[in-house]
Structure formats: structure tokens, C-alpha cells
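The values are calculated or read from the model by the stated rules, or taken from the named source; none is laboratory data. Note that the structure is predicted; figures quoted are calculated from it, not measured. Counting neighbours? That spans all protein chains shown, and the Cβs are built from the backbone with ideal geometry, glycine included. To get the accessible areas, we keep the full protein, side chains included, count just its heavy atoms, and leave off ligands, DNA and RNA. Shrake-Rupley method; radii C 1.70, N 1.55, O 1.52, S 1.80 Å.
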Amino acid sequence: MPHYSYTKKQTRKTSSKTKELILEVAREIAAEKGVGQLTLEAVADRAGISKGGLLYHFPGKKELIIALMDSYVSHLSAELESATEPFKSHPQALVLGFIHWYKKFNGIAATNRTWGAAVFAVQSFDPQLMEPLHNWYRQLFEKIETAVPASLDTATAIMAIEGLFMLLSTTLTNLTTEEKSRIIQHIEDRLLMR
């Protein structure tokens, strides 16, 4: 009979993969059914782990949702950084990055955007769980204030683009692709004074 020995590094790696799997499954369930229907039992069952295994990583639903929100905020930060990178030498890099990000997001199928919509349902579960997202927006507006001299124009443009993001993620818009493109083009032209 072979003897297996696991190092601490291997155990941490396995533990990290399990945690990632739990978060992925929880995100799927929340997107499909809503945060209110997200149960630890459903997550454990779909992930193929015991409820005890899930509780080892997340002692309760609240901790799981906090981890989901932290993960979402990390995703937003990475997306924004990636989107602004090509424009880093431009004075309006932040807005141009947002426009680039919006165009990419607008091309994602609605079924793949449902997690973004589910995030806002977190507020009905427990408004304090939105704190990571509130902090992300606070940091965004601090970046706006320091990014360019015309920070009010930048803030207005970003808020307009955020409005389009929200409409798309909640599927509350019936704007055509052409209408959305014209709005984005207008924001870009106005900000760049074309």
C-alpha cells in the first residue's frame, strides 16, 4: 500500500483551489437564483464537497458573500487597470479606459453578466456587505479628483458610462447597439473636444 505524504505547500495549494471552486460555484448560484437563494448546502452540493469542507473555508453565508464581494472588487480593479493601461500617457486615461472597458463589457453575452446584477441584490441581504464596493467607488472618485484638472468632466463621463454598465448588467435597457455606441462616442468626443 503506497504511503502519501502531503507537504504544507501542497495542502495550501489544494485548500486554495477548493476555496476558488466554492467562490465560483457560489457566484453561479447567486447569478442564477439570487443572493437570497444562495445556501451553503446548495454551494457544497454543486461544488461536490461536504458542508463541513465549505464551513472550513467560510464559517457562514455572510463570510461567503463577503469573500464574493471582495473577489468582485478585485475583478473590477484588475479590469479597470487593464482597460486604462493602453492610455496611461493620455491625460484622460481614466475615461478612455472606462470607454474601452464598456465596449468590451457591452460585447459580453447577457447571460455572462448576471453576476454583476446579482451583486446589487446583496444590499437587500445585508447593506454592510456592500462595503467593499463602496470603498472601490470611493477610490475611483479619488482617482478622478487627482487624474486631470477637469475632474468634474471626467466624473460626469465616468458616471454616464457607469449608468450604461448598470443598465446592461440589470438588463433594464432596451437601447439598440447603435444608440449605445452613439452615446459612448459622444462622451468620448466631448471629453477629447473633437
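Here are some notes:
- For Ser124: the one exception among (1) loosely packed, with under 13 Cβ neighbours inside 10 Å; (2) at pLDDT 85 or above; (3) part of a helix (DSSP H, G or I): (2)
- Residue check for Glu142: at pLDDT 80 or above and open to solvent by 60 Å² or more (accessible area, probe 1.4 Å): yes
- Among the residues here, Glu24 qualifies as of a type in the set (Asp, Glu) and modelled with pLDDT under 95.
- Of all residue pairs spaced 6 or more apart or on separate chains, those with beta-carbon atoms under 7 Å, a first member in segment 151-168 that is over 13 Å from Trp101 (Cα atoms) and a second member that is open to solvent by 40 Å² or more (accessible area, probe 1.4 Å) and aliphatic (A, V, I, L, M) are Thr154/Ala147.
- Residues located in segment 160-194, provided they are open to solvent by 40 Å² or more (accessible area, probe 1.4 Å) and within 14 Å of Lys104 (Cα to Cα): Thr177, Ser181
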